[in-house]
1. Look through region 154-173, keep the residues that are part of a helix (DSSP H, G or I) and not aliphatic (A, V, I, L, M), and return whichever of them is modelled with the lowest pLDDT.
2. Since LEU192 meets every condition but one in (1) in a helix (DSSP H, G or I); (2) modelled with pLDDT under 90; (3) not acidic (Asp, Glu), which condition does it not meet?
3. Before we move on, is SER89 closer than 25 Å to ILE160 by Cβ and open to solvent by 20 Å² or more (accessible area, probe 1.4 Å)?
4. Tell me, please, whether a residue that is open to solvent by less than 30 Å² (accessible area, probe 1.4 Å), over 30 Å from LYS47 (Cβ atoms) and either touching a residue at least 24 places away in the same chain (Cβ under 8 Å) or outside any strand (DSSP E or B) (or both) can be found in region 208-215.
5. Looking at region 93-122 only, could you name the residues that are in contact with a strand residue (DSSP E or B) (Cβ under 6 Å, 6 or more places away or on another chain) and open to solvent by 10 Å² or more (accessible area, probe 1.4 Å)?
6. Looking at GLU77, GLU24, which one is open to solvent by 20 Å² or more (accessible area, probe 1.4 Å), at pLDDT 95 or above, under 18 Å from the mean Cα position of the chain (by Cα) and among the acidic types (Asp, Glu)?
7. Could you check, for region 106-123, whether at least one of its residues is within 23 Å of GLN148 (Cα to Cα), of a type in the set (D, E, K, R), over 22 Å from the mean Cα position of the chain (by Cα) and not in a loop (DSSP other than H, G, I, E, B)?
8. Which members of region 219-265 meet the condition of being open to solvent by 30 Å² or more (accessible area, probe 1.4 Å), part of a loop (DSSP other than H, G, I, E, B) and under 18 Å from ASP12 (Cα atoms)?
Amino acid sequence: MSVAIISDSACDLSLDYLHKMNVECLPLGVTIRDKEYEDGKSITPEKVYSLMRNGEAPKTSQVSPEAFRKTFTTYVEQGKPFIYFAFSSELSGTYQTAKMIEQEIKEEQPEAQFEVIDTKAASLGYGLIIIRAAELAQEGKSINEIVQTGRYYSDHIEHIFTVDDLEYLYRGGRVSKTAAFVGSLLKIKPLLHVDNGKLIPLEKIRGSKKVLKRMIDLMKERGVSLDQQRIAISHGDDIETAQKLSAMIKEEFGTKDIHIEMVGAVIGAHAGPGTIALFFLNDQPQ
């Protein structure tokens, strides 16, 4: 029996793409003006970015325990093995909630066959793990084989990204008010990455043209077999810059498979419009 793959909406893969890959996606929450929405289902990223440009400050919430229990129980009652790959535990409480529900269900039904995995990833870094896991599930691989490859990807996915306005990261507590003000004033573009699931500032660069070049340089320093990898780029409603970065990667490394998506509403609420993020492996693809 094939293994079902479950993600949450922080993987930033479109619902159409997830449906095509036969992946179930649990939406995180977005709250704007005291009204709650489901990421990607009842509100689009475009709408969230439009509201943010007009001064709104969306709040986000994790997948509820009830949603996990309902989804997990459905698969268990069908006797179908599954894996839920979760948004980084360092960036959301979603993973911890899922682990709590996993423990409860396995105490009630010890024969239940499923795993809850912390991807330590976000956006399309997380998305790349989901794509690979879904491919392996379609090939009929075992739950243990998929978990092993998923963990390998979690350990080796690089996240390199920049934001258009430091104000949004300030609101989320990622940079100080002074840094946000000075950065905006001097047109400084921060480069950040994710290290063991945590968001870490990397360096500051003046000017957006230099940022893309620096992203390519970091890719060259950290990446392996870049012409043979599936690489991903996510953007905060800035497809032109994403396509420009994609063209630079193809020219530099000969990469053929580049997956581009918009940063979803939940991650976009913290990173803001104009975010550009790049994801690749720092070891051999499996």
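The values are calculated or read from the model by the stated rules, or taken from the named source; none is laboratory data. Quick caveat: nothing in here was measured; it's all calculated off a predicted structure. Here Cβ is always computed from backbone atoms with ideal geometry, including for glycine, and neighbour counts include all displayed protein chains. Ligands, DNA and RNA are excluded from the accessible area calculation, which covers all protein heavy atoms including side chains. Shrake-Rupley method; radii C 1.70, N 1.55, O 1.52, S 1.80 Å.
1. TYR170
2. Of the numbered conditions (1) in a helix (DSSP H, G or I); (2) modelled with pLDDT under 90; (3) not acidic (Asp, Glu), the odd one out for LEU192 is (1).
3. Criteria met by SER89.
4. no
5. Result: TYR95, LYS99, GLU102, GLU115, ASP118.
6. After applying the criteria, what remains is GLU24.
7. yes
8. Correct list: ASP237, ASP238.
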